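Some notes on the structure that comes next.
The values are calculated or read from the model by the stated rules, or taken from the named source; none is laboratory data. This structure is a prediction, so every number in the text was calculated from the model and none was measured. Quick reminder, even Gly has a Cβ in these numbers, built from the backbone with ideal geometry, and neighbours come from all protein chains shown. Calculation scope for accessible area: heavy atoms of the full protein, side chains included, ligands and nucleic acids excluded. Shrake-Rupley method; radii C 1.70, N 1.55, O 1.52, S 1.80 Å.
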Amino acid sequence: MCNRHSIDQINAAVGAHGAWKMRLRGAIRSGRGDIKSHDASMDNRCEFGQWLYGSQIDATTREGVPYQVIRRLHAEFHRSAGRVLAHVEAGRLAEAELAMNGEFTETSEKLTRAMTKWKGELQASGASLAA
């Protein structure tokens, strides 16, 4: 697996997943989302999810702990975003706000920390390969 490409994917994902916070806050404020809760819950539709499940990642990487952790947390992130939006769709804005500030924020922070750690490991292994 190409470390540079993986690092680029992780960087883009951190930014894209950070944008979800604004997207969900906007949905709570307006009382409607720009994406359905079912679609938001799918972890293989965003660019990062397509990369995670795609053919660019080799079998050895897929078997590794960092990949497994990221894949699990990424799925949890999307399920959590979907739950926030399901509350919005049902008009339960107070519950949406609680889910946003609780479960979603916690899951988002875990995912971001894990992606940052994986990126650091990839950078370190790339540096050792270049030496």
Inset, instruction - Relative to the longest principal axis of the C-alpha atoms of the chain, give the angle of the C-alpha long axis of helix 105-130, reported between 0 and 90° and rounded to the nearest 10°. - result: 10
Inset, instruction - May I ask you to derive the relative contact order of the chain, considering only C-alpha pairs under 8 Å and at least 6 residues apart, and to give it as an integer percent? - result: 34
Inset, instruction - Mind telling me which of SER37, SER108, SER55 comes out most flexible in a GNM of the chain, alpha-carbon contacts under 10 Å? - result: SER55
Legend entry - Selected from VAL88, VAL65, VAL14 as most flexible by GNM, with the chain as the system and alpha-carbon contacts under 10 Å: VAL65
Inset, instruction - Evaluate 2.2 N^0.38 Å with N set to the residue count of segment 38-114, then give the Cα radius of gyration divided by it. - result: 1.22
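So what's segment 3-131 giving for Rg/Rh, alpha carbon basis, Kirkwood Rh from the mean inverse pair distance?
Numbers: Rg = 15.9 Å, Rh = 15.3 Å.
Answer for segment 3-131: 1.04.
For the chain, what is the accessible area per residue in Å² when the probe is 1.4 Å?
On the way: 7170 Å² over 131 residues.
With all protein chains present, the chain gives 55 Å² per residue.
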Legend entry - Gaussian network model of the chain, springs between alpha carbon atoms under 10 Å - residue of LEU98, LEU111, LEU85 with greatest fluctuation: LEU98
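What FRET efficiency, computed as 1/(1 + (r/R0)^6) with R0 = 41 Å and r the Cβ-Cβ distance, is obtained for GLN56 and ARG25, rounded to the nearest 0.05?
Values: r = 32 Å, r/R0 = 0.79.
The calculated FRET efficiency here is 0.80.
Report the extension gain between ASP8 and THR116 in nm, rounded to one decimal, defined as 0.36 nm multiplied by the number of residues separating them, less their alpha carbon distance.
Details: separation 108, 0.36 × 108 = 38.88 nm, distance 1.16 nm.
Between ASP8 and THR116, full extension yields an extra 37.7 nm.
Largest first and in whole Å, give the semi-axes of segment 14-64's equivalent ellipsoid, each being the square root of 5 times a Cα gyration tensor eigenvalue. Intermediate results must be reported in sequence, preceding the final value.
Details: eigenvalues 168, 25, 10 Å².
Semi-axes, largest first: 29, 11, 7 Å.
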